[in-house]
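Read through the structure below, which is laid out as structure tokens, and then see the notes.
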Amino acid sequence: MNITESIFGEWNGHKIKTYTISNDHGMEVSCIEYGGIITGISVPDSKGNIGV
């Protein structure tokens, strides 16, 4: 499992971070620290392909 952190944007002068959690099977979930809002989910299909 891997967790990465980056800047999502800014609101009222406060930088809002986004966190992405990924595993070895290609699944990823991203959320922002402002309310824990999920901003993205990626899950590979049975062939390992991730759709767009």
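One residue is enough: does segment 33-45 have a residue meeting the conditions loosely packed, with under 13 Cβ neighbours inside 10 Å, of a type in the set (A, V, I, L, M, F, W, C) and assigned to a loop (DSSP other than H, G, I, E, B)?
Within segment 33-45, the subset loosely packed, with under 13 Cβ neighbours inside 10 Å is 35-41, 43, 45.
Narrowing the set further to residues that are of a type in the set (A, V, I, L, M, F, W, C) leaves 37-38, 41, 43.
Next cut, assigned to a loop (DSSP other than H, G, I, E, B) only: 37, 43.
Looking for residues that are loosely packed, with under 13 Cβ neighbours inside 10 Å, of a type in the set (A, V, I, L, M, F, W, C) and assigned to a loop (DSSP other than H, G, I, E, B), one finds at least one in segment 33-45, hence yes.
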Could you please tell me which pairs satisfy a Cβ distance under 6 Å, a separation of 6+ or placement on different chains, a first residue in segment 3-22 that is basic (Lys, Arg), and a second residue that is not in a strand (DSSP E or B)? LYS17/GLU33
Does any residue in segment 34-52 that is at negative phi come within less than 6 Å, Cβ to Cβ, of a residue that is in a loop (DSSP other than H, G, I, E, B) and of a type in the set (Gly, Ala, Ser) six or more places away or on a different chain, and which pairs are these? PRO44/GLY26
Scanning segment 11-32 for residues that are closer than 19 Å to MET1 by Cα and not in a strand (DSSP E or B), which turns out least open to solvent (accessible area, probe 1.4 Å)? GLY26
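The values are calculated or read from the model by the stated rules, or taken from the named source; none is laboratory data. From a predicted model like this one, the values you see are computed outputs, not experimental measurements. Heads up, the Cβs are rebuilt from the backbone with ideal geometry, glycines too, and the neighbour counts pull from every protein chain shown. Calculation scope for accessible area: heavy atoms of the full protein, side chains included, ligands and nucleic acids excluded. Shrake-Rupley method; radii C 1.70, N 1.55, O 1.52, S 1.80 Å.
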